[in-house]
Every structure is written in C-alpha cells, then in structure tokens.
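The values are calculated or read from the model by the stated rules, or taken from the named source; none is laboratory data. This is a predicted model, so every value here is computed, not measured. All Cβ positions, glycine included, derive from the backbone under ideal geometry; neighbour counts span all protein chains shown.
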C-alpha cells in the first residue's frame, strides 16, 4: 500500500515542479500577456502543493524538528535571492522592498499561519496543545530579530531617515546571523525535545489519513524529494516574480501603496509553508506547525538582513529598514498577543480568531494605509 501510494503521488509531484520550472525559464525576464499570466498562475498554484508534498516526505524521513527546518530555510533562501534580484534589476524605487517583504513575512507567519493552524485544531472542539518552552524560545528570537532590524532603525540618529549607517547595518547583520544560528543549534541539538509535539497530540495523527504512520521514505527517495522541493520552491518564487508586474499594475489600479506589492508576493512565497502548517495541525501536530511558522519568520529576518547587508555594497540608493508608525503598532500588538498565546502551552478558538483578525488588519492596512 505504501509503495502504490507513493507511486500515485510521485507522478504529479514530479511533473508539476519540472513543468513549472520550464515555464519559469520561458517567461523569465519577459512581460507576458494576460493569457500567459493565467497559465503561469496555474503552474504556480500546482507547484505549491508539490512543494508541500516533498517537504513532508523529507520531514517524515529526518524527523522533527529537522523537517520543519528544511522547509523554512529552503523557502527563505530563495526568498532572499528574490529580494536581492528585485533590488538589483528593478528600475523603480526599491528602498523599502526588503523591509516590506520581511515585515510581511513576520506578520503573515506569526498571525495568519499560526491563526489558521490554531483554527484547524480548535474548530473540532479541541484545545490546541504545544510545548510552551520551545515555542516561547522561538517567539522571543523572532521578536528580538524584528526589533533590532525593523524597529531600531526608526530611532537611530546616524542617518537622517529610518536607515542604518554602514556600521549599524553590519552589526544588525552579524547579530541576526548569530541569533538564528544559535536558535538552530538549540532547536536541533541542545534542547531538541522542547520542539517536539506534546504526547497528548499523538491520538490525532490519523486525522489526515494516517500518513504519519507510514514507513519513512528511503534515503534515495528523500534525496529525490529534496531536489524536487528546491525545484518547486524556485518555481513558486520565480513565477511570483513573473507575476509581480501584473500585481504592481493591479495595486496601482486600486490606488494602494507600493508596499502592498510586497505583501502579495510574500503571500505567494509563503503559500507552501502555510499549506504544510495547516495540514500538520489537522493531524494534531500543533508544535510542528508552530515550528514551521516561527522558524520561517526567524529565517526570513536572520538570513535576509545579512544578505542585504552584503548586497548593499553594490546597491545604489538608500536602504530603508525602519517601520512606519502603523507597522510598529501592529508588530507590538502581535508581540503581546503571541506571547499570551504561547506561554500557557495551550490555545483555544479565541486565540486563533485574534491572530487571524490581526493578520486581516495587516493586509487591509497595507492596501488602505
């Protein structure tokens, strides 16, 4: 049964990422028409579940928390490459592109993804349980990274605007990398047990067809899935870039600010992790869902800021990282609410609703500032 199940899923999860990559190669650097953009959107939509499938194969093979780390880092590395590529190749104003993308990733992961995951569990009448120690450690790291990289530049005085000086940017980059690497060590080595699903969740693992009780994939199959995961993620991010001019036109047509483009692209880029987190929560593995969400937010800052610091050597123009007043307030509310959600080690439908409302407020205010 396991072999036939893998074979059944293997066909489309192999063909779709490769076909999406071909579509990316054919459309990269061009301005396709409406019909082609529709086809691109279809390939983009197909690459997302393919990426999730291969991430789950790898996660089942290597175990937690390594599995969620693979997906978070893979998405973030490609996201960083996309940001740098856009900043170098786009003729328009990209001074706030890194800030808008990173902030959108933090808000969406800490509110939308966590909220949807909690909602998935609590709608069944259950209380979502997770490991408070590990989740609190992850949240504290995310909030520290966000404050150092996105809030502090608003208050520094070395530069006239909400920017870091070269020395301050270098310090923020080093601090971000140190915090992220330290967390990875704690998560995977020193305190790995704090990032594993709590025992009373095990009875729910069959809620999605009992997939977690299948035998892990072989080493060869896991390596193939790793390669196809990277292909699918490249396709997702690359096709999102292809769609970005159309998104920019749509944003301009409705009178929304340019920062809304970053929000839309972040939604597309984070789609694989969102789907994976919700599916994992449906199986009763809330801790793994939180690992995915907070790990992605952490990697988004911890890897983007160092990359931008290096890229700034070749980039012209200002690099604005400091958040505006509305964004700062939303981040502060997210910090307080997330802490109150995490610290008890359990959450109800109300916490899910609060996170989703904050996510909706963020998206709404990005379009209507």
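Does residue 141 meet the test of being buried (at least 17 other Cβ atoms within 10 Å of the Cβ), modelled with pLDDT of 90 or more, more than 24 Å from residue 323 (Cα to Cα) and touching a helix residue (DSSP H, G or I) at 6+ places or on another chain (Cβ under 7 Å)? No; evaluated as a whole, the condition is false for this residue.
Residues are listed down the side, and each one gets a yes or a no for (1) modelled with pLDDT under 85; (2) touching a strand residue (DSSP E or B) at 6+ places or on another chain (Cβ under 9 Å); (3) not in a helix (DSSP H, G or I):
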{"position": "101", "(1), (2), (3)": "yes, no, no"}
{"position": "108", "(1), (2), (3)": "no, no, no"}
{"position": "116", "(1), (2), (3)": "no, no, no"}
{"position": "124", "(1), (2), (3)": "yes, no, yes"}
{"position": "168", "(1), (2), (3)": "no, no, no"}
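One residue alone among 363, 367, 337 is in contact (Cβ under 8 Å) with a residue 12 or more places away in the chain, under 17 Å from the mean Cα position of the chain (by Cα) and surrounded by fewer than 22 Cβ atoms within 10 Å (Cβ to Cβ), and that residue is 363. Tell me yes or no: at least one residue of the range 310-318 is out of contact with any strand residue (DSSP E or B) (no Cβ under 6 Å at 6 or more places or on another chain), closer than 19 Å to residue 143 by Cα and touching a residue at least 60 places away in the same chain (Cβ under 8 Å). No, the range 310-318 contains no residue that is out of contact with any strand residue (DSSP E or B) (no Cβ under 6 Å at 6 or more places or on another chain), closer than 19 Å to residue 143 by Cα and touching a residue at least 60 places away in the same chain (Cβ under 8 Å).
Within the range 23-38, can you find the residues that are part of a helix (DSSP H, G or I) and surrounded by 15 or more Cβ atoms within 10 Å (Cβ to Cβ)? Hits for the range 23-38 are 23, 24, 27, 36, 37.
Yes/no matrix, rows are residues, columns are (1) free of Cβ contacts under 8 Å to residues at least 40 places away in the same chain; (2) under 17 Å from residue 308 (Cβ atoms):
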position	(1), (2)
148	yes, yes
158	yes, no
164	no, yes
171	yes, yes
174	no, yes
177	no, yes
186	no, no
191	no, no
194	no, no
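In the range 187-209, which residue that is modelled with pLDDT under 65 and in contact with a strand residue (DSSP E or B) (Cβ under 7 Å, 6 or more places away or on another chain) is surrounded by the most Cβ atoms within 10 Å (Cβ to Cβ)? Selected residue: 201.
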